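First comes the structure, then the notes that go with it.
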Amino acid sequence: MSENPLKFVPQQGGATPPPVPAVQTYGLSRVYGQMTALSSLDLTVNRADLFGFIGSNGAGKTTTLRILATFLTPSSGRAEVLGHDVVREADRVRHLIGYMPDFFGVYKDMEVTEYLDFFGACYKIPANVRDKTVADVLELVGLSEKKGALIGALSRGMQQRLGLARVLIHDPQLLLLDEPASGLDPRARIEMMAILQELQRMGKTIIISSHILSELQTLCNRCAIIEKGRLIYCGPVQGVRNETQAGRVFRVRVVGENTRALDLLRARPEVVEADEEDGRLRVVVREDQAETGLLAETLVRGGTRVIEVREEELGLEEVFLRVTKGETQ
Ligand SMILES: Nc1ncnc2c1ncn2[C@@H]1O[C@H](COP(=O)(O)OP(=O)(O)OP(=O)(O)O)[C@@H](O)[C@H]1O
Ligand SMILES: [Mg+2]
């Protein structure tokens, strides 16, 4: 489990080496009958990324992950995992990935160790090293103490972690995790996130789809947003607001009534929205036009006394809601 798949060659002069792709899709499309589930998706995930895959219900996340996991063939376009084509080199790809589907059954009457040993055998891990491999993955997911337990007696959070242990058994370089934290309570989710961070530190590339965007924001370094099978954004989590032109949000406090201030702000072409919230004003300004001084100046010139103008950090969740139309399919 300790193999580091990163093969960065340090460059002279301390320059950061270019990222190496772990997953690349080129015009990836998938139709189900008349229905287009994925439409010409160009996705890049770099090695050692903890990559958040974001989209509303029916956006095409599971379809994409299933194609990368070689369970589904694309209708057109292609996808590569660590340089291997997922259709032509499906066998090779299967050994490089660990796919945890959104719903997976566990064998409730089996013991934890028995279950993992079974999957180890499926991956042809030799019997003499399987015990050690099983012990290693159990330790990694924090289930060492439950190794003799019946799976049916484990909590939901433990069963999810066992599912993760299962996909780690053959030491894959790329993990495809479809909503691994769904249905978990906050503590179990935090534990799951901590394990994923540990796996990233070990050099694994991880793609995780989730609806809990606040968690993805702190967890992931890069992300993609898809809507109705189309890619809206793919890049660093920090860049999502700028790139998607989601706008910038300011909180403004003025002396006295807010009505006049609202009128003044709404009259500016740069202002997309201005509303009253908790006695203060919440102002959304177009991305390229925003500056704190502009709002203050507008208000002061209009005769309003300003107490505070403060920019608010736009979270991933808010950006997501702004750049997607909320249409599910
Ligand atoms: N086997 C199938 N046959 C027909 N349509 C399908 C099939 N699988 C998925 N779809 C459709 O393709 C679209 C994309 O589905 P997909 O499951 O990839 O979305 P998702 O982003 O994973 O959604 P969710 O957040 O609900 O899991 C949806 O409209 C879905 O109804
Ligand atoms: Mg899904």
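Computed values, structure above
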item	result
Qualifying residues in segment 206-239 (those that are more than 14 Å from ligand 1 (Cβ to nearest atom) and free of Cβ contacts under 8 Å to residues at least 40 places away in the same chain) - the one farthest from Glu313 (Cα to Cα)	Gly235
Single condition Glu273 does not satisfy, out of (1) surrounded by fewer than 16 Cβ atoms within 10 Å (Cβ to Cβ); (2) out of contact with any strand residue (DSSP E or B) (no Cβ under 8 Å at 6 or more places or on another chain); (3) not assigned by TED's automatic domain parsing to the domain that holds Ile190	(2)
Answer residue from segment 45-65, given it is of a type in the set (S, T, N, Q) and touching a Lys or Arg at 6+ places or on another chain (Cβ under 9 Å) and is farthest from ligand 2 (Cβ to nearest atom) among those	Asn46
From the options Ala69, Ala90, Ala127, residue that is small (Gly, Ala, Ser) and touching a Ser or Thr at 6+ places or on another chain (Cβ under 6 Å)	Ala90
Enumeration of residues in segment 139-150 that are within 18 Å of Ala181 (Cα to Cα) and in contact with a Leu (Cβ under 7 Å, 6 or more places away or on another chain)	Leu140, Val141, Leu143
Residues satisfying the stated conditions in segment 177-194, i.e. within 12 Å of ligand 2 (Cβ to nearest atom) and over 12 Å from Ile212 (Cα atoms)	Leu177, Asp178
The lone exception for Thr36 - which of (1) modelled with pLDDT of 95 or more; (2) within 13 Å of Glu227 (Cα to Cα); (3) surrounded by fewer than 14 Cβ atoms within 10 Å (Cβ to Cβ) it fails	(3)
Segment 96-110 residues that are away from ligand 1 (no atom under 14 Å from the Cβ), paired with ones that are among the aromatic types (Phe, Trp, Tyr) (beta carbon under 9 Å, 6 or more apart)	Val106/Tyr115; Tyr107/Tyr115; Tyr107/Phe118; Met110/Phe118
Of all residues in segment 41-70 being more than 19 Å from Val31 (Cβ to Cβ) and among the β-branched types (Val, Ile, Thr), the one that is nearest to ligand 1 (Cβ to nearest atom)	Ile54
Residue list for segment 196-211, filter: away from ligand 2 (no atom under 16 Å from the Cβ) and either at positive phi or not hydrophobic (A, V, I, L, M, F, W, C) (or both)	Gln197, Glu198, Gln200, Arg201, Gly203, Lys204, Thr205
Residue satisfying condition, being polar (S, T, N, Q) and in contact (Cβ under 8 Å) with a residue 60 or more places away in the chain, within set Ser39, Ser75	Ser39
Qualifying residue in segment 172-194 (condition: over 25 Å from Gly55 (Cα atoms) and modelled with pLDDT of 95 or more)	yes
Members of segment 20-33 found to be out of contact with any Phe, Trp or Tyr (no Cβ under 9 Å at 6 or more places or on another chain), under 25 Å from Gln217 (Cα atoms) and at pLDDT below 95, listed by number	Pro21
So Glu89, is it in contact with a strand residue (DSSP E or B) (Cβ under 6 Å, 6 or more places away or on another chain) and either of a type in the set (Asp, Glu) or loosely packed, with under 14 Cβ neighbours inside 10 Å (or both)	no
Residue match in segment 94-102 (condition: within 16 Å of ligand 2 (Cβ to nearest atom) and part of a helix (DSSP H, G or I))	no
Ala79 being crowded, with 20+ Cβ neighbours inside 10 Å and either within 16 Å of ligand 2 (Cβ to nearest atom) or closer than 21 Å to Leu219 by Cβ (or both)	no
Residues within segment 303-318 that are within 22 Å of Leu265 (Cα to Cα) and either surrounded by 14 or more Cβ atoms within 10 Å (Cβ to Cβ) or modelled with pLDDT under 80 (or both), tallied	7
Segment 140-150, residues that are charged (D, E, K, R) and assigned to a loop (DSSP other than H, G, I, E, B)	Lys147
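The values are calculated or read from the model by the stated rules, or taken from the named source; none is laboratory data. As the structure is a prediction and not an experimental result, all values here were calculated from the model. Virtual Cβ from ideal backbone geometry, glycine too; neighbours counted across all protein chains shown.
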